Amino acid sequence: MNWLPDRPRLQTLALAGTIVAAVFLLWRSDEPPVIDRQAADLRGDTEPDGFVVNGKYTSFDEAGNPKVSFTSPRIEQFEEGNLATMESPRAELYSVTDGADTLPWIVEAENGSLLQNENLLYLTGNVRILRNVDGRDTTLTTPTLTLDNDRGLAYTDAPVEIRDVTGTTRATGMKAWIDERILELNSQVEGLYETGN
């Protein structure tokens, strides 16, 4: 049953309504999209493929002992390059040779970038490694540091300063094997030590 052919006014009205709807839709398509400001602020300016807020990651060895515990207030994931960037990363590194009562190595920095394909973590900005050995606190500081998770190795070519209760050692570049608890200073090593009373 077709009722429009017999009514030219209704045909004209239907055609006019269709034209008005089409013009309205075309006009609306030129307007910028409505942006949820709260969601945009949470996502950030770098447009990551994914992100985590107040993230914590812990990995364990085959025996169920903690190997690495890692936290960051913000981690952004980028599929291109399989890269993750971190704000204020903090890691606790456990050595396989340490006993259960041994404190972990603490590594902190202002920024971090994890190349997931290579399992390399690049730390920048006031990098600090804190270690307590036999009740003595030791702090290593450097502007940049690379952690090779596969080899259990931390290294840098930048200046390094090591402070503990006995004094201060400065050098340019270093390598540290975490499981073996070995630290090798590369060059320009100088130290100032105080004898106990």
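Does the range 120-129 include one or more residues that are over 15 Å from Y57 (Cβ atoms) and touching a residue at least 40 places away in the same chain (Cβ under 8 Å)? Before the answer, list the steps.
The initial filter retains those residues of the range 120-129 that are over 15 Å from Y57 (Cβ atoms), namely 120, 122-129.
If we keep only those that are touching a residue at least 40 places away in the same chain (Cβ under 8 Å) too, we end up with 129.
Yes, the conditions are met somewhere in the range 120-129.
Filter the range 161-178 for residues that are within 22 Å of L93 (Cα to Cα) and either part of a strand (DSSP E or B) or at pLDDT 90 or above (or both) and give the result. Talk me through it step by step, then tell me what you get.
Let us first name the residues in the range 161-178 that are within 22 Å of L93 (Cα to Cα), namely 161-164, 173-178.
Within the range 161-178, E161, I162, R163, D164, G173, M174, K175, A176, W177 meet the criteria.
Evaluate the range 30-46: report whether one residue or more is within 15 Å of the chain's Cα centre (by Cα), surrounded by 11 or more Cβ atoms within 10 Å (Cβ to Cβ), of a type outside the set (S, T, Y) and at pLDDT below 80.
Taking the range 30-46 first, the residues within 15 Å of the chain's Cα centre (by Cα) are 43-44, 46.
Checking which are surrounded by 11 or more Cβ atoms within 10 Å (Cβ to Cβ) leaves us with 43-44.
Applying the additional criterion that residues be of a type outside the set (S, T, Y) yields 43-44.
Next cut, at pLDDT below 80 only: 43-44.
Checked the range 30-46: at least one residue is within 15 Å of the chain's Cα centre (by Cα), surrounded by 11 or more Cβ atoms within 10 Å (Cβ to Cβ), of a type outside the set (S, T, Y) and at pLDDT below 80.
Could you say which residue among T172, T85 is under 15 Å from the mean Cα position of the chain (by Cα) and β-branched (V, I, T)?
Numbers: T172 fails: under 15 Å from the mean Cα position of the chain (by Cα).
None of the other options fit; the residue is T85.
Identify, by number, the condition in (1) crowded, with 17+ Cβ neighbours inside 10 Å; (2) at positive phi that N126 doesn't meet.
(1)
Name the single residue, out of those in the range 70-81 being at pLDDT 85 or above and of a type outside the set (F, W, Y), that is surrounded by the fewest Cβ atoms within 10 Å (Cβ to Cβ).
E79
Looking at E62, is it modelled with pLDDT under 85 and either in a loop (DSSP other than H, G, I, E, B) or at negative phi (or both)? I'd like the intermediate steps shown before the answer.
On the way: modelled with pLDDT under 85: yes; either in a loop (DSSP other than H, G, I, E, B) or at negative phi (or both): yes.
The answer is yes for E62.
What pairs come out if I take residues in the range 60-73 that are among the β-branched types (V, I, T) and pair them with residues that are open to solvent by 50 Å² or more (accessible area, probe 1.4 Å) whose C-beta lies under 6 Å away, six or more apart or interchain?
T71/K56; T71/R90
Can you tell me how many residues in the range 173-189 are open to solvent by 80 Å² or more (accessible area, probe 1.4 Å), more than 16 Å from T139 (Cα to Cα) and charged (D, E, K, R)?
Total meeting the criteria: 1.
The values are calculated or read from the model by the stated rules, or taken from the named source; none is laboratory data. Computed from a prediction, not measured in an experiment: that's the story for all the values here. FYI the Cβ positions are ideal-geometry reconstructions off the backbone, even for glycines, and counts take in every protein chain you see. Just the protein is used for accessible areas: all its heavy atoms, side chains included, with ligands, DNA and RNA removed. Shrake-Rupley method; radii C 1.70, N 1.55, O 1.52, S 1.80 Å.
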